[in-house]
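Below is one structure, written out as C-alpha cells, with a few remarks after it.
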Amino acid sequence: MSKTKKIVTLPGDGIGPEVTQEAITVLKSACKKYDYEIQVEEKPFGGVSIEQFGTPLTEDTLDACRNASAVFLGAVGNPKFDDNPKEKRPEAGLLGIRKKLQLFANLRPIKIYEPLIDASSLKPEVIRDVDIMIVRELTGGIYFGTSDEEEDLAFDTMEYEQHEIYSIAKVAFDIAQKRRKNVCSVDKANVLDTSRLWRRTVTGYAPEWPDVTLQHMLVD
C-alpha cells in the first residue's frame, strides 16, 4: 500500500480556511510520525466558489475530489448569499458533492473525555463514559426538494428505496460489530410510510449480523 496519499481540501467559507489550515498541520505531524506523506491540493467550494466561478461546486473541484484519497471540508455558508436561488447558495455545493460522490453516511461520534467532563451543561454522572456513534443517512429523503416560485408552491418529498436503507444499515452494523454490538435504529414508523419501510428493511437485514443486537426507537 502506497504511503503517499493525495488529499483535497475544501476550506470553504467563514472559519473554514482557518480550521482547515490548522487541521492539515496536525495531520502532517501525525503522518510524519507514522512515515506517511500527504499531497494537499486546495479547491474552491461554497460561497468562495460562487464569488469566483458563479457556482458553489465546479466540475474541476468535483474531479479533484474523485481522484483524491480523501477530501477535507472546512465549512460552507455565508449570509450574503441567503437571498440567492437555491442553486446559487453555498449549501447547494454540499448537497451536490454528497450526491455526486455518493457520500451517503455521516458518522457523528459522541465521546466524553474525563478532563472535559465539567465543560458540559449536563451533570457528570449523566454523561460519564458516554460513547455513541450516530450513523446518519445523507443522500435520500427530503434533502432534495422541489419548488415552484411562480405558484408559491414548495414541497420536500421523503422517498427511500430499499437499497439506500441497506447501505446505511450496513455501515451501522459494521461499526457496531467493532464496538459494543448494539444498533439502535431511529425512525418515525408510527406515522411515516418511509419509516415503516425503513424499520421493516433494517429488521430483515439484522439476521445477517447475528452477534449484533438491534432495537428500534421512535425519533420523538
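When the Cα gyration tensor is reduced to axis lengths a ≥ b ≥ c, the ratio a/c is 1.5 or higher for the stretch 1-115, and with a/b above b/c it is classed as prolate. Distance between the 7 Å Cα→Cβ label points at Ser120 and Lys32: 3.5 nm. Of the residues Ser29, Ala70, Ile15, the one whose Cα sits farthest toward the positive end of the charge dipole of the stretch 11-156, with +1 on the Cβ of Lys and Arg and -1 on the Cβ of Asp and Glu, is Ser29.
Annotation: Asp63 carries an accessible surface of approximately 70 Å², with a 1.4 Å probe and no ligand, DNA or RNA atoms counted. Applying 1/(1 + (r/R0)^6) with R0 = 25 Å to the Cβ-Cβ distance of Leu101 and Gln162 gives a FRET efficiency near 0.70.
Counting other Cβ atoms within 10 Å, keep those with at most 15, restrict to DSSP loop, and tell me which GluC sites (Glu not before Pro) in the stretch 151-191 are left. Walk me through the intermediate numbers first.
On the way: sites: Glu151, Glu159, Glu161, Glu164; in loops: Glu159, Glu161.
Loop-located and lightly packed - Glu159, Glu161.
Within the assembled protein chains, the solvent-accessible surface assigned to Thr58 is about 20 Å², based on a 1.4 Å probe. For the chain, the per residue solvent-accessible surface stands at 66 Å², with DNA, RNA and ligands left out and a 1.4 Å probe.
At a 1.4 Å probe, what is the % contribution of carbon and sulfur to the accessible area of the chain?
Within the chain, the accessible surface is 53 percent carbon and sulfur.
Cross-link check: pairs Lys111/Lys170; Lys33/Lys100; Lys6/Lys100; Lys3/Lys181; Lys43/Lys86; Lys3/Lys43 evaluated at a Cα-Cα cut-off of 25 Å; pairs beyond the cut-off: Lys33/Lys100; Lys3/Lys181. Please give me, ordered by residue number, the trypsin sites (Lys or Arg not before Pro) of the stretch 161-202 that lie in loop per DSSP and have at most 16 other Cβ atoms within 10 Å. Filter output for the stretch 161-202: Lys178, Arg179, Arg180, Lys181, Lys188.
Only Lys, Arg, Asp and Glu carry charge here, each on its Cβ (+1 for the first two, -1 for the last two); on that basis the stretch 46-110 has a dipole of about 280 debye about its Cα centre. Think of the stretch 99-220 as a dipole: +1 on every Lys or Arg Cβ, -1 on every Asp or Glu Cβ, centred on the Cα centre; then among Leu138, Ala172, Thr201, Ala172 lies furthest on the positive end.
Using a probe of 1.4 Å on the protein chains alone, the accessible area found for Glu22 is around 100 Å². Calculated mean residue ellipticity, 222 nm, the chain: -11000 deg cm²/dmol, from DSSP H runs (n ≥ 4) at -39500 (n - 2.57) each, averaged per residue and rounded to 500. Just to confirm the filter: which trypsin sites (Lys or Arg not before Pro) across the stretch 1-50 are DSSP coil and have at most 13 other Cβ within 10 angstrom of their Cβ? Within the stretch 1-50, the qualifying trypsin sites (Lys or Arg not before Pro) (loop, at most 13 other Cβ atoms within 10 Å) are Lys3.
The values are calculated or read from the model by the stated rules, or taken from the named source; none is laboratory data. Keep in mind that what you see is a predicted model, and the values were worked out from it rather than measured. Glycine also receives a Cβ, built like all others from the backbone with ideal geometry; neighbour counts cover every protein chain displayed. Each accessible area value is taken on the protein alone, full model and side chains, heavy atoms only, with ligands, DNA and RNA left out. Shrake-Rupley method; radii C 1.70, N 1.55, O 1.52, S 1.80 Å.
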